[in-house]
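The next block holds one structure in the form of structure tokens; read it before the comments.
Every read-out reported here was derived from the displayed coordinates using simple, explicitly stated rules and does not represent laboratory data. Since we're looking at a predicted model, the values are computed, not measured. Note: ideal-geometry Cβ built from the backbone for every residue, glycine included; neighbour counts use all protein chains shown.
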Ligand code: NAP
């Protein structure tokens, strides 16, 4: 490899891939190609176009730190505006120019110090450094409901919205009440002739303001100082810490405060006592990802809305048959049933050093040292890979911290300190043992619910410590874990 100008391939041109492309250029790398399987940038925000699509992270925090956006229309960013933001940012930083669209990587093999890539189109390429920015929640999970294929109406997954289907005046059934299902119900209430929400497990629903920014406010936000003041980073970071504290200590004060805010929301918003009980969560708050909604409780109380708590028996040509025997006649069924959260780069085949296969390494569960690197997969770096922090905060911020860490690892290759960077098996094992032990103390494990945070063995897959620990880990690599002396120690020994 050319140490100063290694060839770098980034897989994925969503939020994390765009970030990698921008940072690599800033850091002086010139031999960079992004590969994107779709025909434009945006990742999850390109794929998801369902009605009501919103991010529940406050707008001004849902941007790259170096590219704030004064133009958000609301306190919570609407999906289409987020997509526009990423497209604009990608164009501004020349990412489009670096990206080959319509190329899906199917295989990566590490041979003789290089990653050899194959694409579905037959195209091949190779690189010294491979950055996987392939996203987390992008493989739709279709529920296994008998008879689905017999349905005569329109059936779609929330992440594959069919915009040719008209919704006004239709009878619509939405299955699933995670953030997605709740947002869809809020958007469609009052528009459909009948809107049924199939709810298996009641959710904790946190009220949130989602006001519109006035034109004057948006004009004022063009001044970075005004925007910074409006953002109040300290308050936001305090909220992130409170959230992570609630995850790691179910009895903590923030956990109790969040539960109270959600229950007050339920008591104050839902007037019918029977409906209120049907909506009352029966597991610990934050066990599932908290749902933020300004208006779900109003939407489900709309005269044309109906909450369905009876289990789904099967789908029939005319609609959904529930366990109580009732046939719910429907024109449209929406699966808001989430994603396979354990796929990451897969279904790609990835083989590392000495033929080590990623599928074998992840046979028990997806894992990575500090969520970024893996032994035997040298010079492969993941953004938003397994075991990183996920929750009700910005994944952009997470990716930026991870980039700071990756950038330092790349720096050692560039400095010719080594030709391969991968953590030792000991470091991986130590991290994973500690992580699994800590994961068993989180509300995701102890809270008595099922969620996509859990792997096949019921172990939470996310970062099980607080946010401060994550940022500290990302601030500087533990060089010993990579078999390298600290850069300073090296400098002084050379001197
Ligand atoms: P999700 O949180 O995984 O929720 C899936 C829902 O489908 C659950 O309510 C689940 O019920 C239900 N379900 C699954 N299979 C079912 C079946 N066979 N019968 C009945 N119900 C079934 O999925 P999501 O709402 O799409 O959200 C996924 C993630 O996307 C979120 O956690 C979040 O990270 C992200 N997201 C974020 C935002 C945002 O604002 N930032 C918005 C949307 C999505 P049970 O609970 O009973 O299993």
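A few remarks follow.
- With each label modelled as a point 7 angstrom along the Cα→C-beta vector, the residue 26-residue 66 pair spans 0.2 nm.
- Spacing of the two label points (7 Å from each Cα toward its C-beta) at residue 223 and residue 237, in nm: 2.4 nm
- Stokes-Einstein D in µm²/s, Kirkwood radius over Cα pairs - the chain at 25 °C with 0.890 mPa s viscosity: 102 µm²/s
- The residue 126 and residue 274 beta-carbon pair, evaluated with R₀ = 51 Å, returns a calculated FRET efficiency of approximately 0.20.
- Residue order, fewest to most beta carbons within 10 Å, for 370, 227: 227, 370
- The residue 165 and residue 263 beta-carbon pair, evaluated with R₀ = 45 Å, returns a calculated FRET efficiency of approximately 0.80.
- The separation of segment 423-495 from segment 327-402, counted between C-alpha centres, amounts to 15 Å.
- Distant alpha-carbon pairs in segment 148-335 (separation over 26 angstrom), percent: 44 percent
- Alpha-carbon centroids, segment 1-70 and segment 256-316: separation in whole Å: 35 Å
- Calculated SAXS-style log₁₀ I(q)/I(0) at q = 0.11, 0.22, 0.23 Å⁻¹ - segment 1-124, Debye, Cα scatterers: -0.43, -1.25, -1.32
- The ranking of 46, 306 by Cβ neighbour count inside 10 Å, starting from the fewest, reads 306, 46.
- The residues 36, 434, 313, when put in order of fewest to most other Cβ atoms within 10 Å, stand as 434, 313, 36.
- Pairwise Cα separations in segment 52-158 fall into 10 Å bins from 0 onward with the following percentages, short to long: 10, 26, 27, 26, 10, 0.
- Label-to-label distance for residue 215 and residue 150 is 5.7 nm, based on points extended 7 Å past Cα in the beta-carbon direction.
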